[in-house]
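Novice: Structure provided below as structure tokens; questions to follow.
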Amino acid sequence: PKTIYLKDYRQPDYWIAETHLTFELFEDHALVHSRLAVQRNAEQGKKLPPLVLDGQQLQLISLALDDVELSEDSYQLDADHLTLHPGSAEFELAITTRIEPQNNTALEGLYKSGGMFCTQCEAEGFRKITYYLDRPDVMSRFTTTVIADRGDYPVLLSNGNPVASGEHEAGRHWATWEDPFPKPAYLFALVAGDLVLIQDSFTTMSGRDIDLRIYVEPENREQCGHAMDSLKRSMRWDEEVYGREYDLDIFMIVAVNDFNMGAMENKGLNIFNSSCVLAHPDTATDLAFQRVESVVAHEYFHNWSGNRVTCRDWFQLSLKEGFTVFRDSQFSGDMNSATVKRIEDVTFLRANQFAEDAGPMAHPVRPDSFIEIANFYTLTVYEKGSEVVGMLHTLCGADGFRKGTDLYFERHDGQAVTCDDFVKALEDANGLDLTRFKRWYSQAGTPRLEMNGHWDANAGEFRLLCRQSCPPTPGQTDKQPLVIPLRMALLDSQGAEMSLQLADETGSRGTETVLAITEAEQLFVFTGLREEPLPSLLRGFSAPVKMTYPYSRDDRVFLAKHDPDGFNRWEAAQALAVEVMQGLVTMAQAGRPLMLDQRMVDVYRSVLNNPELDPAMVAEIIRLPSEAYMVELAEQADIDAIHKVRETLRAELAQALHDDMLAVWQRLSVPQPYTPDAASVARRSLKNTLLGYLMLSESEEIVAACVRQFIEANNMTDRQAALVALVNSPFEEQKQAALAEFARQWQDYPLVMDQWFSVQAASGQPGGLERVQALMQHPAFNLRNPNKVRAVVGAFANQNLVNFHRLDGAGYGFLADQIITLNSLNPQIAARLMTPLTRWRKYDPARQALMQEQLQRIMATDDLSADVYEVVSKSLA
Ligand code: DPP
Ligand code: ZN
């Protein structure tokens with residue numbers, strides 16, 4: 001496998017103005033006929049170079065240039081390309097290829113999921129359908145005809161608008177779709193299946209009526225309401241917040257069971273993993289409802305940030321992904337609680353993206369090179385990319401940002417562009433110079449921001465000293481200072497925000513400001529202060545950095561109780577919990593008894609008894625930092641100690657706060673009709689977080705109440721929460737009964753069974769590996785279904801750290817076995833599963849050796865896919 005570099009980018013030699021496709025679908029193969037209108041790219045000179053088309057795993061049936069069949073000696077074929085030699089600057093190419101969708105287990109290109117044909121072309125799946133210039137800067141107008149058996153495939157879909165359909169001989173029928181918007185091949189889609197349709201409509205801001213359709217298998221008909229509702233709200237929101245209107249007459253979503261990603265934004269025909277469409281209160285948790293809402297929004301928003309304006313090359317992936325994640329986070333924040341959404345995002349980023357940034361796969365938001373682009377659909381490109389866009393939003397202000405995005409969409413509509421073009425539009429619209437800021441796109445690693453404060457009582461001055469640095473990452477040892485927007489306030493002894501006056505400025509900055517830190521070391525002096533302030537720093541996590549400030553534990557308690565900023569109240573409680581847990585880990589390692597810091601009890605109690613707090617906020621505050629986050633923060637992670645400390649601390653808190661928790665829990669447990677609104681979601685979230693704590697008391701009454709909740713719940717959120725509590729408890733009898741009952745009731749619902757699998761696979765109770773091995777023998781398990789792999793193998797290796805890292809290395813061996821099997825079935829999924837092994841440097845020497853041993857075993861596997869090869873070789877480098 002070879003490395004591809006951003007610096008080698010050059011425009012294609014040819015363009016494809018029109019692409020006419022005809023698919024003949026059969027049970028054991030498909031024929032793909034393409035007619036391409038090809039033109040020489042005039043900017044690349046006069047001489048006619050060869051035309052090199054991408055193509056993989058294709059059988060070439062015929063090839064004609066301007067209607068003349070080409071003889072075999074006039075073109076060259078290798079495993080990845082078809083090369084031919086045009087005689088003119090403009091010509092038509094006709095190609096027929098034969099493929100076998102029914103044998104496509106990699107789920108890239110055209111494949112079968114159950115009884116339906118579907119596609120996934122991003123990033124490079126189209127080359128597994130036909131020979132093509134499969135790169136995002138080649139944009140073409142597509143017309144697609146699909147021909148299939150009418151009985152088995154009554155529904156035939158592709159991008160754009162339906163223009164004609166009809167019957168063929170022998171029970172076959174056809175439909176033709178035309179997409180008026182030029183697009184790269186990665187946005188191509190096709191679906192053929194026996195699907196039912198849920199239909200609605202939306203009137204756009206200019207008064208056009210859009211036909212909205214969600215296609216699912218008949219048994220899922222009742223589970224589409226939430227997705228449809230989310231879609232309509234997304235369409236309205238994008239008009240209101242970004243001025244973006246939908247452009248085709250029809251917008252379709254299709255739910256597919258076997259899908260590598262969450263969903264795909266194909267023009268006018270979004271294809272979704274069924275887990276991101278289907279949601280009914282009986283079968284989906286509140287978390288699943290939220291995921292459907294955000295993924296539907298995300299894919300819809302791509303119609304502008306991705307489709308109308310797309311990426312020039314795959315190094316620019318964050319141009320559309322970072323921006324679109326930012327947009328969907330804003331949307332979810334607006335639909336629910338913005339603070340809670342921000343807390344969830346930051347929690348996720350710090351536990352996962354920071355770990356990526358600290359490991360062997362660390363890369364900039366705009367990578368410089370890759371071997372396999374599928375490996376770069378990462379937390380860095382998506383989540384850190386979104387943080388980078390969020391910082392631009394902060395620096396430009398909401399109005400300035402909107403001016404910038406308006407200019408960006410106007411300037412680049414119909415083009416394939418770069419991250420630089422995006423930033424340029426923001427600069428031009430706001431008269432800003434963002435040159436230094438752009439280092440966020442090219443520099444990998446999580447910056448450290450070391451803050452210190454000095455109070456000068458005589459002068460009434462508070463000096464805030466900022467020092468930034470960034471640890472080296474693979475291939476990048478020399479790091480430059482970044483532009484770090486620091487949202488902050490100064491609090492007086494009552495917790496009120498003080499007026500902010502910088503020594504070198506004339507006007508006051510009000511009571512909250514954003515400091516732009518631009519240098520390696522920088523000093524800000526606040527003057528005119530009556531008393532010593534306590535700073536509230538990095539509000540809303542205004543930059544993706546690791547910030548330190550020498551707060552005492554009492555300072556953190558104060559901030560957790562009094563900071564007017566909700567996000568930073570949570571952050572103070574988190575930081576306190578992290579510090580306490582880190583202290584306890586040291587005690588555990590020394591074999592000393594674990595002593596609980598009463599300040600945590602104090603903070604939790606005050607939060608539990610504060611009637612003004614949103615219950616969702618209370619739930620977030622009393623949730624201890626995850627094991628994964630504690631691992632990320634550790635120099636060398638002692639997973640056994642971390643697990644023990646976290647469990648012990650939970651039990652101690654449950655005991656110390658038993659009466660407070662019980663009172664709140666009882667108040668929230670009064671039976672109520674189910675409603676999906678944000679306030680009810682918040683109540684369920686707190687109620688079930690408390691149930692988890694209360695179960696630790698091992699009181700018979702609580703266990704009985706938990707079993708009752710499991711049986712009587714009128715929604716999946718409560719039922720699943722009770723199941724989680726039982727599975728993680730020592731009450732073997734109740735646990736087994738609940739698991740058996742759940743499986744009996746939901747065996748025909750694959751997405752619900754995914755829950756059943758992952759609850760068990762993620763449980764830190766002893767014997768985790770054996771449990772997971774048994775689950776893989778269950779009839780509902782299937783290694784070819786990515787959702788099942790994620791629910792069992794993924795949940796075990798990523799969420800069940802104490803069992804995965806068992807000292808004999810059996811967890812590592814098990815994961816390596818699955819990766820090796822999946823390497824030949826589905827390389828993308830195999831490579832994703834590598835993540836826990838890439839983190840080997842985080843652990844003790846014994847575990848390091850065992851993990852490396854498995855990496856080497858994977859490396860030595862025959863026929864290693866480019867996907868797995870890239871991750872394993874970089875991990876061992
Ligand atoms: N399906 C992926 C996403 O929407 C890739 N575009 O982010
Ligand atoms: Zn996306």
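FYI, it's all coordinate maths here, none of it is from the lab. Since the model is a prediction, treat every value here as computed from it, not as a measurement. Cβ atoms come from the backbone with ideal geometry, glycine included; neighbour counts cover every protein chain shown.
Novice: Relative contact order for the stretch 450-558: what is it in percent, counting Cα pairs under 8 Å that are at least 6 residues apart?
Specialist: Working: 210 pairs, mean separation 37.7, N = 109.
Relative contact order here is 35 percent.
Novice: Could you pull out the GluC sites (Glu not before Pro) across the stretch 630-665 that fall in loop regions by DSSP (anything but H, G, I, E, B) with no more than 12 other Cβ atoms inside 10 Å?
Specialist: Values: sites: E632, E635, E647, E652; in loops: E635.
Listed in order of number, the matching sites are E635.
Novice: Still on this structure, I have one more. Which value at 222 nm does the chain reach when only helices count, each DSSP H run of 4 or more adding -39,500 (n - 2.57), with the total divided by all residues and rounded to the nearest 500 deg cm²/dmol?
Specialist: Numbers: 29 runs with 343 residues, N = 877.
For the chain, the value works out to -12000 deg cm²/dmol.
Novice: For the Cα atoms of the chain, what angle does the longest principal axis make with the long axis of helix 845-859, in degrees from 0 to 90, nearest 10?
Specialist: 10
Novice: Turning to a different aspect of this structure: Express as a percent, rounded to the nearest 5, the fraction of DSSP beta bridges in the stretch 4-279 (both residues included) that run antiparallel.
Specialist: Working: 73 of 90 bridges.
Here the share of antiparallel DSSP bridges comes out near 80 percent.
Novice: Using alpha-carbon positions, what is the distance between the centroids of the stretch 143-169 and the stretch 436-454, in Å?
Specialist: Rounded to whole Å, the Cα centres lie 53 Å apart.
Novice: I've got another one for you. Tell me the trypsin sites (Lys or Arg not before Pro) within the stretch 99-192 that lie in a loop according to DSSP and have at most 15 other beta-carbon atoms within 10 Å. Provide the component values of the computation, followed by the final result.
Specialist: On the way: sites: K112, R127, K128, R141, R150, R172; in loops: R150.
Answer in residue order: R150.
Novice: In whole Hz, with x marking every Gly and Pro, tabulate ³J(HN,Hα) for the stretch 716-727 from phi via Karplus 6.51 cos²θ - 1.76 cosθ + 1.60, θ = phi - 60°.
Specialist: Rounded to whole hertz, the list is 6, 4, 5, 5, 5, 4, 5, 4, 4, 4, 5, 4.
Novice: Can you tell me the length gained on complete extension of the stretch A679 to R10, counting 0.36 nm per residue apart and subtracting the Cα distance? Numbers along the way, then the final one.
Specialist: Values: separation 669, 0.36 × 669 = 240.84 nm, distance 5.24 nm.
Extending this stretch completely gives an extra 235.6 nm.
Novice: Kindly identify the chain as rounded, prolate or oblate by the Cα gyration tensor criterion: order the square roots of the eigenvalues as a ≥ b ≥ c, call it rounded if a/c is under 1.5, otherwise compare a/b with b/c, prolate if a/b is larger, else oblate. Let's see the in-between values first.
Specialist: Details: a/c = 1.70, a/b = 1.36, b/c = 1.25.
Prolate is the answer for the chain, as a/c is 1.5 or above and a/b outweighs b/c.
Novice: Compute the angle between helix 678-694 and the longest alpha-carbon principal axis of the chain, please, reported from 0 to 90 degrees and rounded to the nearest 10.
Specialist: That works out to roughly 60 degrees.
Novice: Can you compute the FRET efficiency between E700 and L807 using 1/(1 + (r/R0)^6), with r the Cβ-Cβ distance and R0 = 25 Å? Round to the nearest 0.05.
Specialist: On the way: r = 35 Å, r/R0 = 1.40.
It comes to 0.10.
Novice: While we're looking at this one, here's another question. Would you mind classifying the stretch 310-442 by shape? Square roots of the alpha carbon gyration tensor eigenvalues, ordered a ≥ b ≥ c; an a/c under 1.5 is rounded, otherwise it is prolate if a/b is larger than b/c and oblate if not.
Specialist: Oblate, since a/c reaches 1.5 and b/c is not below a/b.
Novice: Per residue of the stretch 822-828, in order, report the coupling 6.51 cos²θ - 1.76 cosθ + 1.60 (Karplus, θ = phi - 60°) as ³J(HN,Hα) in whole Hz, putting x for Gly and Pro.
Specialist: These are the phi-based 3J(HN,Hα) values: 6, 3, 8, 7, 8, x, 4 Hz.
Novice: Follow-up. Find out how many positive minus negative residues lie around A459, taking Lys and Arg as positive, Asp and Glu as negative, among other residues whose Cβ is under 15 Å from that of A459. Provide the component values of the computation, followed by the final result.
Specialist: Values: positive: R463, R530; negative: D456, E461, D504, E531, E532.
Combined, the nearby Lys, Arg, Asp and Glu give -3.
Novice: On full extension of the chain, what length is gained from W455 through S442, given 0.36 nm per residue of separation minus the C-alpha to C-alpha distance? Working shown, then result.
Specialist: Values: separation 13, 0.36 × 13 = 4.68 nm, distance 3.70 nm.
Gain on stretching W455 to S442: 1.0 nm.
Novice: Here is a further query. May I ask you to derive the FRET efficiency for E505 and N714 from their Cβ-Cβ distance with R0 = 60 Å, giving the value to the nearest 0.05?
Specialist: Details: r = 58 Å, r/R0 = 0.96.
FRET efficiency, E505 to N714: 0.55.
Novice: Let me ask you something else. Pairs of alpha-carbon atoms within less than 8 angstrom and 6+ residues apart define the contacts here; what relative contact order does the stretch 177-257 have, in percent? Before the final figure, lay out each step's value.
Specialist: Details: 80 pairs, mean separation 24.8, N = 81.
Worked out over the stretch 177-257, it gives 31 percent.
Novice: Could you work out how far apart the two model spin labels at D28 and D67 are, taking each label as a point 7 Å from the Cα in the direction of the beta carbon, and quote it in nm?
Specialist: 3.5
Novice: Let me ask something additional. Can you tell me the FRET efficiency between L197 and D420 if r is taken as the Cβ-Cβ distance and R0 is 45 Å, rounded to the nearest 0.05?
Specialist: Details: r = 42 Å, r/R0 = 0.94.
The formula returns an efficiency of 0.60 here.
Novice: Can you give me the long-range amide H partners of S140? Hydrogens built in the peptide plane at 1.01 Å from N, cutoff under 5 Å, separation of 5 or more residues or another chain.
Specialist: The list, which skips near neighbours in sequence, is K183.
Novice: Also, quick follow-up: Calculate the spin-label point distance for S873 paired with A42, positioning each point 7 Å from the Cα along the beta-carbon direction, and give it in nanometres.
Specialist: Label at A42, label at S873, 4.2 nm between them.
Novice: In addition: May I ask for the angle, rounded to the nearest 10°, between helix 700-712 and the longest principal axis of the chain, with both axes built from Cα atoms and the value confined to 0 to 90°?
Specialist: The answer is roughly 30 degrees.
Novice: Quick one: compute the contact order of the chain, relative version, from alpha carbon pairs under 8 angstrom and 6+ residues apart, as a percent. Please list the in-between numbers first.
Specialist: On the way: 1680 pairs, mean separation 71.5, N = 877.
Contact order relative to length: 8 percent.
Novice: Another one. What is the spin-label model distance, in nm, from R744 to V241 if the labels are put 7 Å beyond Cα along the C-beta direction?
Specialist: 4.6
Novice: Follow-up. Considering only DSSP states other than H, G, I, E and B, which trypsin sites (Lys or Arg not before Pro) in the stretch 524-609 qualify as loop sites with at most 16 other Cβ atoms within 10 Å?
Specialist: R530
Novice: Under 14 Å from a point placed 7 Å out from the Cα of K2 along the Cα-to-Cβ direction: which residues of the stretch 369-406 have their backbone N that close?
Specialist: Of the residues in the stretch 369-406, 370-372 have backbone N under 14 Å from the label point off K2.
Novice: Quick one: what are the phi-derived ³J(HN,Hα) couplings along the stretch 658-672, Karplus 6.51/-1.76/1.60 with θ = phi - 60°, whole Hz, x for glycine and proline?
Specialist: Rounded to whole hertz, the list is 3, 5, 5, 5, 4, 4, 5, 4, 5, 4, 7, 8, 4, x, 9.
Novice: Within 10 Å of each residue's Cβ, count the other Cβ atoms and sort C311, C118 from fewest upward. Provide the component values of the computation, followed by the final result.
Specialist: Working: C311 23, C118 26.
Least crowded to most crowded, the residues run C311, C118.
Novice: Once you list every other residue whose beta carbon is under 14 Å from the beta carbon of R539, what net charge do they have if Lys and Arg are +1 and Asp and Glu are -1? Kindly include the intermediate steps, with their values, before the conclusion.
Specialist: Numbers: positive: R342, R487, R509, R569; negative: E497, E512, D563, D565, E571.
That sum, taken over residues with Cβ under 14 Å, equals -1.
Novice: For every other residue with a beta carbon closer than 10 angstrom to the beta carbon of E372, add +1 if it is Lys or Arg and -1 if Asp or Glu, then tell me the sum.
Specialist: Numbers: positive: none; negative: E124, D867, E870.
Counting the neighbours of E372, the net charge comes to -3.
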